Protein chains: 2
Amino acid sequence: MKTDIQIAQEAKILHIRDIAAKINLSEEDYDQYGRYKAKLNLDILKKNSHKKDGKLILVTAITPTPAGEGKSTVTVGLTQAMNKLGKKSIAALREPSLGPVFGMKGGATGGGHSQVIPMEDINLHFTGDLHAIGVAHNLISACIDNHIKHGNQLDIDVTKIAFKRVMDMNDRSLRNIVIGMGGIANGIPRENSFQITVASEIMAILCLSESIMDLKNRISEIVFGYDRAGKPLKVSDLKIEGAITALLKEAIKPNLVQTLENTPVIIHGGPFANIAHGCNSLLATKMALKLSDYAITEAGFAADLGAEKFLDIKCRKGGLNPNAVVIVATVKALKLHGGMNSKELKEENLEALTKGIENLDKHIENMKNFGLPVVVAINKFVTDSAAELDFIKTHCETLDVPVALCDVWADGGDGGIELAKLVIDEIENKENNFKYLYKVEDSIEEKIEKIVKDIYGGDGVIFTPNAKKMIKTLNEYGYDKLPICMSKTQKSISDNPKLMGRPSGFAVTINELRLSAGAGFIVAMAGSILDMPGLPKIPSAELIYIDEAGIISGLF
Amino acid sequence: MKTDIQIAQEAKILHIRDIAAKINLSEEDYDQYGRYKAKLNLDILKKNSHKKDGKLILVTAITPTPAGEGKSTVTVGLTQAMNKLGKKSIAALREPSLGPVFGMKGGATGGGHSQVIPMEDINLHFTGDLHAIGVAHNLISACIDNHIKHGNQLDIDVTKIAFKRVMDMNDRSLRNIVIGMGGIANGIPRENSFQITVASEIMAILCLSESIMDLKNRISEIVFGYDRAGKPLKVSDLKIEGAITALLKEAIKPNLVQTLENTPVIIHGGPFANIAHGCNSLLATKMALKLSDYAITEAGFAADLGAEKFLDIKCRKGGLNPNAVVIVATVKALKLHGGMNSKELKEENLEALTKGIENLDKHIENMKNFGLPVVVAINKFVTDSAAELDFIKTHCETLDVPVALCDVWADGGDGGIELAKLVIDEIENKENNFKYLYKVEDSIEEKIEKIVKDIYGGDGVIFTPNAKKMIKTLNEYGYDKLPICMSKTQKSISDNPKLMGRPSGFAVTINELRLSAGAGFIVAMAGSILDMPGLPKIPSAELIYIDEAGIISGLF
């Protein structure tokens, strides 16, 4: 069987100018980065402002399991299918992070015959956006410690600096460090920590900014810490928002690439899906809407995290009106949710499936509560039995939810035709009463309770004393009227990773709140979230090879 | 008076395809990075192998002082002048590092009317080479600590890991750190350190590699540390040379840009000029030679450091035959070397000049000892008096060294015509007996003594016990037949930064040797070298501004 990178390298790739021409862009609208990548100029939106936006489709999924769901693959397959049907469609996706590429998870460009190419370039450096974000972030960090060393005029409380350092690497040794050792010439010693770059607030900001000035204003508003009287300190106090924004002047431009079937894809931004909102940039989505009839996008993790944040944070900030939600499910993953042993997943097990499908049910309910048309996509595996597939189909039909078998991994766009037709049909014929889950004017506690009760199905919320103290601070300084970005395990709809399926009878404990004032949301932490992954004993890096001609193998 | 960035932004910039066309490159020979930058494909060298190489000119300088010499400005001015004279000339320069851009020194694209453009892009990220080098370096670091955490099969001695981490930032707080704290899940605690990215051995390797396979072999050979029996451990022991090389597959390609006068410039690589060899990449220089009649390049710091390493390391590795050396001097700097107070430099002072010119004399002698024709370029300042300029001219004429007044800062190429004519004349009419200073087969001690006595004019070398121990290890493991990369202060020809002019009666103390087995040289440390700069109280970052259209100001 061919590997993803083999399939990708054998594809007939078009020059990026041909892809740009397909969506009516002229040479002035973009900058080439090599032959197969381009950065799109921001004035494309202005130039096309008279045009009607296309329809917005969100691809989300059931709660992830080790069996995998294939959300990106379905997203790519769906846009390929739409184009096969003669519809103008653009997918808007997140950029991969180098950490997982060399660690365990691999890249993020889809799989099989539904991939975005050139996959090596996209997975390694791409157009340098993550590097720019990393440097921008670390310049703030360096200036904080430099300010302290040079007299600390702002009276920064060194025990309350919220802004860490970042690196685009899985490097657990940098999680807990002590910096500034070896005497005053080397700064003031303090505890510090590196996050992976995608966890940077700069990444979240870049993904929610609509212009260079918007970006600069958001950077100015970042609260990096507190002074010894407890007052929040902003990046504008360091007077470096101009330099930080200058570092991001290219990174803010969305990137154009193509699928294996030479249809346009915009890949831009990729914030963490727990301590941030987990969606590609607002500019990328807006450009996809402006330049196509069907813009297809995705959000990190399952619908309880990714979709909720997409709808309550990204759509709210950007005034987006989604038209439909696709929930990706697999037979294997649903059987795992039904309690089946992960080693026996290849065997038919209708009992486990019948039990596990409650996970899908809850996500369907949640999306319908947002007032949106829902379509279920069963991402097919060769081990799925006919009886299992039938069961899901019948189950969804009972719920009056359209459901399509989807084989985009093996068949590319052809494998997504049924899904594409259903999605188009829903958008054209179903009612859309999209509404946010909560009002930003609600209190912090009310907003979190709403998410926990209505989305997670929990009984209530427990705020630790630490969390209550932070809520008080946020209220005091007027940071309470922001949307909530929930940070919890992705492995369960609850805050307990062991509770599979559709958990009930639980309360969610919020032990910390973090302010992302630049991005414009409050992160509510349910449990401790690792924002710097580690490498496994045998990292994927050991499998990568390159020949004299520069051809790479072993990337996945 | 206009700032450098204003002059740069007002220039008429050509599309990079027009610059490429000037040196007979077709679209297959390069990849565009935006409109004004391109990466040159490595097979250009093979495709043009039948063509004769152009002449190679090195621009170096007297010992640097706070008054500045303007080596890059003269290099850019000289290539502009050559082109004005109808000669095909390409300059090959180093890439700027972001650290100094936001710290104090500023960018590295020349000045006034002798600059390389687009200066903002070149100074900020450029085509991402430094970022790629940083990630490649830090992946090795992460894999070292990961290996130790997962059982340390290689028996790595954690107290003898030579390979640090890097960041492209002036961040003194990262000079001395403790990593891996907080329990075994976060690795094994140990002391560690960040260098600025240009100090990475990967940078030195990239700049000495001639192909992707050469690059991979050199990466394999990096000695990152020692096992507990004292045996050197290589990156190939970690099995990640493929992944590291894959990360550098674009970074190894030289970058094409242009001067203010639309002449071609290749900018590629920029290793530290003390713990590394301080020259742009061999591939960039070879391409400049292949694609022009006069390739003009420079090397870091003064001739005792930059030129010596250029000739003994870079030219030796690459089989380059330089044709002439230009030594840049300024009246101000020579007066400083003559003991003048830095606040009075605007006043005429022939006495100080007469004393200080001995610094220039020593550098001229050194370059002549390499068997090379030498030309002196006096980089003119408005404060220079006619008598001072005359004195230098007469002095050089007495030494039978051609000398040209050079006003490329104010006049661009026109200000360098005299210099260009002299350089061409020397190359065509003077004998060239280029030879290396030492043989690599000499012992480590002999090689260092030769540099200290013949180049620095010192009486001898003192090796500390620590240095002697390392020499023994290098001999034992067969790492002694490598060229020497001297790491000493750039402020004096001696190892004492306070000794200006032409020091004598001193011995140089070598207190440490470092092995750069991948780059292929031994670093001899005379004094402690700071490989992670800090930010000043008011960093340049505070002066940078960007407007809605993305136009940057305040970069210099």
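Answer with yes or no whether A:Glu512 is touching a residue at least 24 places away in the same chain (Cβ under 8 Å) and surrounded by fewer than 20 Cβ atoms within 10 Å (Cβ to Cβ). If you could, list the steps in order and put the result at the bottom.
Values: touching a residue at least 24 places away in the same chain (Cβ under 8 Å): yes; surrounded by fewer than 20 Cβ atoms within 10 Å (Cβ to Cβ): yes.
So A:Glu512 passes the test.
So which of B:Ala251, B:Ala288, B:Ala284 ends up being within 14 Å of chain A (Cβ to nearest Cβ) and hydrophobic (A, V, I, L, M, F, W, C)? Reasoning before the result, please.
Working: B:Ala288 fails: within 14 Å of chain A (Cβ to nearest Cβ); B:Ala284 fails: within 14 Å of chain A (Cβ to nearest Cβ).
Answer to the check: B:Ala251.
Does region A:4-20 contain any residue that is under 30 Å from A:Ser492 (Cβ atoms) and part of a helix (DSSP H, G or I)?
Of region A:4-20, the ones under 30 Å from A:Ser492 (Cβ atoms) are A:4.
Applying the additional criterion that residues be part of a helix (DSSP H, G or I) yields A:4.
Yes, some residue in region A:4-20 is under 30 Å from A:Ser492 (Cβ atoms) and part of a helix (DSSP H, G or I).
Looking only at region A:403-427, count how many residues are open to solvent by 20 Å² or more (accessible area, probe 1.4 Å) and out of contact with any Lys or Arg (no Cβ under 9 Å at 6 or more places or on another chain).
Of the residues in region A:403-427, 5 are open to solvent by 20 Å² or more (accessible area, probe 1.4 Å) and out of contact with any Lys or Arg (no Cβ under 9 Å at 6 or more places or on another chain).
Please list, ordered by first then second residue, the pairs with beta carbon atoms under 9 Å, 6 or more apart or interchain, first in region A:448-462 and basic (Lys, Arg), second at pLDDT 95 or above.
So the pair list comes out as A:Lys450/A:Leu437; A:Lys450/A:Tyr438; A:Lys450/A:Asp442; A:Lys450/A:Ile484; A:Lys453/A:Asp459; A:Lys453/A:Gly460; A:Lys453/A:Val461.
Residue by residue through region B:50-70, note down the ones that are touching a residue at least 60 places away in the same chain (Cβ under 8 Å) and open to solvent by 10 Å² or more (accessible area, probe 1.4 Å).
Within region B:50-70, B:Lys51, B:Asp53, B:Gly54, B:Lys55, B:Pro64, B:Thr65, B:Pro66, B:Ala67, B:Gly68, B:Glu69, B:Gly70 qualify.
Out of A:Ile484, A:Ile522, A:Ile552, A:Ile529, report the one residue that is touching a strand residue (DSSP E or B) at 6+ places or on another chain (Cβ under 7 Å), under 30 Å from B:Leu248 (Cα atoms) and in contact (Cβ under 8 Å) with a residue 60 or more places away in the chain. Quick ask: steps written out before the conclusion?
On the way: A:Ile484 fails: under 30 Å from B:Leu248 (Cα atoms); A:Ile522 fails: under 30 Å from B:Leu248 (Cα atoms); A:Ile529 fails: under 30 Å from B:Leu248 (Cα atoms).
Exactly one residue qualifies, and that residue is A:Ile552.
Just give me the residues in region A:257-273 being part of a strand (DSSP E or B) and in contact with a His (Cβ under 8 Å, 6 or more places away or on another chain), in sequence order. I'd like the intermediate steps shown before the answer.
Step one: filter region A:257-273 for residues part of a strand (DSSP E or B), giving A:257-259, A:264-267.
None; the set is empty.
Could you tell me which numbered condition A:Met470 fails, if it satisfies all but one of (1) of a type in the set (A, V, I, L, M, F, W, C); (2) more than 14 Å from every other protein chain (Cβ to nearest Cβ); (3) closer than 27 Å to A:Thr63 by Cα?
Condition not satisfied by A:Met470: (3).
Tally up the residues in region A:350-372 that are touching a residue at least 60 places away in the same chain (Cβ under 8 Å) and surrounded by 19 or more Cβ atoms within 10 Å (Cβ to Cβ), please.
10
Within region A:529-555, which residues are hydrophobic (A, V, I, L, M, F, W, C), more than 7 Å from every other protein chain (Cβ to nearest Cβ) and surrounded by 16 or more Cβ atoms within 10 Å (Cβ to Cβ)?
Within region A:529-555, the first condition is being hydrophobic (A, V, I, L, M, F, W, C), and the residues that meet it are A:529-530, A:532, A:535, A:538, A:541, A:543-544, A:546, A:549, A:551-552, A:555.
Checking the rest, the ones that are also more than 7 Å from every other protein chain (Cβ to nearest Cβ) come to A:529-530, A:532, A:538, A:543, A:549, A:551, A:555.
Of everything in region A:529-555, those that are hydrophobic (A, V, I, L, M, F, W, C), more than 7 Å from every other protein chain (Cβ to nearest Cβ) and surrounded by 16 or more Cβ atoms within 10 Å (Cβ to Cβ) turn out to be A:Ile529, A:Met532, A:Leu543, A:Leu555.
Hey, among the residues in region B:12-42 that are within 14 Å of chain A (Cβ to nearest Cβ) and without any contact (Cβ under 8 Å) to a residue 12 or more places away in the chain, which one's most open to solvent (accessible area, probe 1.4 Å)? Please lay out each step first, then the result.
To start, the set of residues in region B:12-42 that are within 14 Å of chain A (Cβ to nearest Cβ) comprises B:13, B:15-17, B:20, B:26-42.
When the remaining residues are screened for being without any contact (Cβ under 8 Å) to a residue 12 or more places away in the chain, the result is B:26-27.
Values: B:Ser26: 46, B:Glu27: 100 Å².
Ranking the candidates gives B:Glu27 first.
Which ones in region A:100-122 are part of a helix (DSSP H, G or I) and either facing another protein chain (nearest Cβ under 10 Å) or among the hydrophobic types (A, V, I, L, M, F, W, C) (or both)? So that I can check it myself, show each step before the final result.
Kept after step one, since they are part of a helix (DSSP H, G or I), are these residues of region A:100-122: A:100-102, A:119-122.
Answer for region A:100-122, where residues must be part of a helix (DSSP H, G or I) and either facing another protein chain (nearest Cβ under 10 Å) or among the hydrophobic types (A, V, I, L, M, F, W, C) (or both): A:Val101, A:Phe102, A:Met119, A:Glu120, A:Asp121, A:Ile122.
Would you mind stating whether B:Glu397 is open to solvent by 80 Å² or more (accessible area, probe 1.4 Å), of a type outside the set (Lys, Arg) and in contact with a strand residue (DSSP E or B) (Cβ under 8 Å, 6 or more places away or on another chain)?
Working: open to solvent by 80 Å² or more (accessible area, probe 1.4 Å): yes; of a type outside the set (Lys, Arg): yes; in contact with a strand residue (DSSP E or B) (Cβ under 8 Å, 6 or more places away or on another chain): yes.
Against the criterion (open to solvent by 80 Å² or more (accessible area, probe 1.4 Å), of a type outside the set (Lys, Arg) and in contact with a strand residue (DSSP E or B) (Cβ under 8 Å, 6 or more places away or on another chain)), B:Glu397 qualifies.
So which strands (runs of 3 or more DSSP E) stay within region A:135-246 end to end and still have 2 or more residues that are on the phi < 0 side of the Ramachandran plot, open to solvent by less than 10 Å² (accessible area, probe 1.4 Å) and facing chain B (nearest Cβ under 9 Å)?
Passing ranges, in order: A:177-179.
Mind listing whichever residues of region A:278-330 are β-branched (Val, Ile, Thr) and in a loop (DSSP other than H, G, I, E, B)? Even if it seems obvious, please write down each step before you answer.
Filtering region A:278-330 down to residues β-branched (Val, Ile, Thr) leaves A:285, A:296-297, A:313, A:325-328, A:330.
A:Thr330 - this is the single residue of region A:278-330 that is β-branched (Val, Ile, Thr) and in a loop (DSSP other than H, G, I, E, B).
Considering every residue within region A:57-74, establish whether at least one is within 14 Å of chain B (Cβ to nearest Cβ) and over 19 Å from the mean Cα position of the chain (by Cα).
No, region A:57-74 contains no residue that is within 14 Å of chain B (Cβ to nearest Cβ) and over 19 Å from the mean Cα position of the chain (by Cα).
Given the criteria within 8 Å of chain B (Cβ to nearest Cβ), among the aliphatic types (A, V, I, L, M) and crowded, with 23+ Cβ neighbours inside 10 Å, does A:Ala524 qualify?
Values: within 8 Å of chain B (Cβ to nearest Cβ): no; among the aliphatic types (A, V, I, L, M): yes; crowded, with 23+ Cβ neighbours inside 10 Å: yes.
Here the answer is no, as A:Ala524 does not meet what is asked.
The values are calculated or read from the model by the stated rules, or taken from the named source; none is laboratory data. Model, not experiment: these values are computed from the prediction. Positions of Cβ are generated from backbone atoms using ideal geometry, with glycine treated the same way; all protein chains shown enter the neighbour counts. Just so you know, the surface numbers come from the protein's heavy atoms only, side chains and all, with ligands and any DNA or RNA stripped out. Shrake-Rupley method; radii C 1.70, N 1.55, O 1.52, S 1.80 Å.
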